[in-house]
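Taking it in order: structure first as structure tokens, then the write-up.
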Amino acid sequence: MKAPTRNRRPGFSRRAQYGLFLSYVVAVTGVFVGLGLVVVSHVDPEGFGAVRGAALDLTTPVSAFGRGMVRGAGSIVDGVANYIDAGSKNAAMERELEANRRALVRARILALENDRLRRMLHLVENRPASIAVARIVGSTGVSSRRLATITAGLAQGVRPGQPVRSPEGLVGRIVEAGMLASRVLLITDNASVVPVRMARGGMPALAAGRGDGSIEIRPLGAGGNPFNRGDIVLTSGTGGLYPPDVPVAVILRKEGDIAIAWPLADPSQLDYAVVEQPFAGLPSPPKGTSGETH
């Protein structure tokens with residue numbers, strides 16, 4: 001059996017023959033129509049103009065529809081591009097906003113730090129008895145003992161019994177000194193008692209630590225409870241240890257004959273503290289010794 005050939009001529013298919021014949025007819029018709037239009041344009045220009053007008057009327061809607069389709073497609077493409085571009089711009093703006101927010105936070109932190117350092121410098125410059133400026137690196141906030149550690153010790157002239165303060169107020173006193181670090185007994189400790197006076201009127205009192213972060217203010221004179229919420233108590237200078245007029249605490253509430261106050265210098269919120277000489281020039285223990293005073 002002989003295999004059929006792959007390339008068959010059009011004569012073997014009536015459909016191919018009809019298609020070829022129709023294409024010839026269309027081509028010949030197009031040629032004659034074109035020749036006819038050329039002849040008409042020369043012989044009867046007005047009639048040819050009418051034909052052109054009719055052709056224009058027929059093709060105008062098609063052209064308008066095609067133009068609308070092209071514009072619509074272009075609008076869709078532009079809309080998608082604008083949406084993508086807007087998304088990219090929004091993402092860039094969000095990143096820029098976040099960067100500006102971080103920069104603003106850093107600037108505020110630096111401003112607060114500079115303000116603290118300026119106040120500390122002002123405090124040191126105006127108190128010739130200052131011994132050392134030290135960083136507070138730790139404090140006990142949950143135990144019954146309220147102590148803090150500072151980065152200054154015997155090498156900087158720090159000795160037990162010296163008062164410690166900050167620009168906000170009194171912090172406590174040195175109770176133990178190493179060569180490069182010292183321990184501070186905070187005014188909120190149970191073992192701390194500070195002679196104070198009221199800023200309003202000057203009435204003397206004692207400020208004793210309660211071991212829970214607060215301070216008990218007890219008046220020395222007889223009579224009713226003279227304290228009011230918001231009153232400020234200052235060191236009185238009595239006893240020769242703490243210098244006078246250093247802010248100590250603010251009154252929170254009354255409890256019978258006493259008042260409960262909160263320290264103005266909260267060690268958990270402080271970065272630096274100043275160690276000073278005792279107000280009355282108490283003799284310092286020999287170099288190399290340390291201990292707790294009560």
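The values are calculated or read from the model by the stated rules, or taken from the named source; none is laboratory data. Given the structure is predicted, the values throughout are model-derived calculations rather than measurements. Positions of Cβ are backbone-derived with ideal geometry, glycine not excepted, and every protein chain shown enters the neighbour counts. What goes into the accessible areas is simple: the full protein's heavy atoms, side chains included, and nothing from ligands, DNA or RNA. Shrake-Rupley method; radii C 1.70, N 1.55, O 1.52, S 1.80 Å.
Whole number in Å², please: accessible area per residue of the stretch 130-280, 1.4 Å probe, ligands, DNA and RNA not counted.
I get 39 Å² per residue for the stretch 130-280.
Which percent of the accessible area of the stretch 130-280 is formed by carbon and sulfur heavy atoms (probe 1.4 angstrom)?
Values: 3170 of 5940 Å².
Roughly 53 percent of what the probe reaches on the stretch 130-280 is carbon or sulfur.
If the chain between D85 and V28 were fully stretched, how many nm would it gain, using 0.36 nm times the residue separation less the Cα-Cα distance?
Numbers: separation 57, 0.36 × 57 = 20.52 nm, distance 5.45 nm.
15.1 nm is the gain from fully extending D85 to V28.
Provide the packing ranking of 225-235, 188-198, i.e. peptides ordered by the mean count of other C-beta atoms within 10 Å per residue, highest first.
Values: 225-235: 17.8, 188-198: 21.4.
Sorting 225-235, 188-198 by mean packing, highest first, produces 188-198, 225-235.
For R200, list long-range residues whose amide hydrogen, built 1.01 Å from N in the peptide plane, is under 5 Å from its own amide hydrogen.
I232
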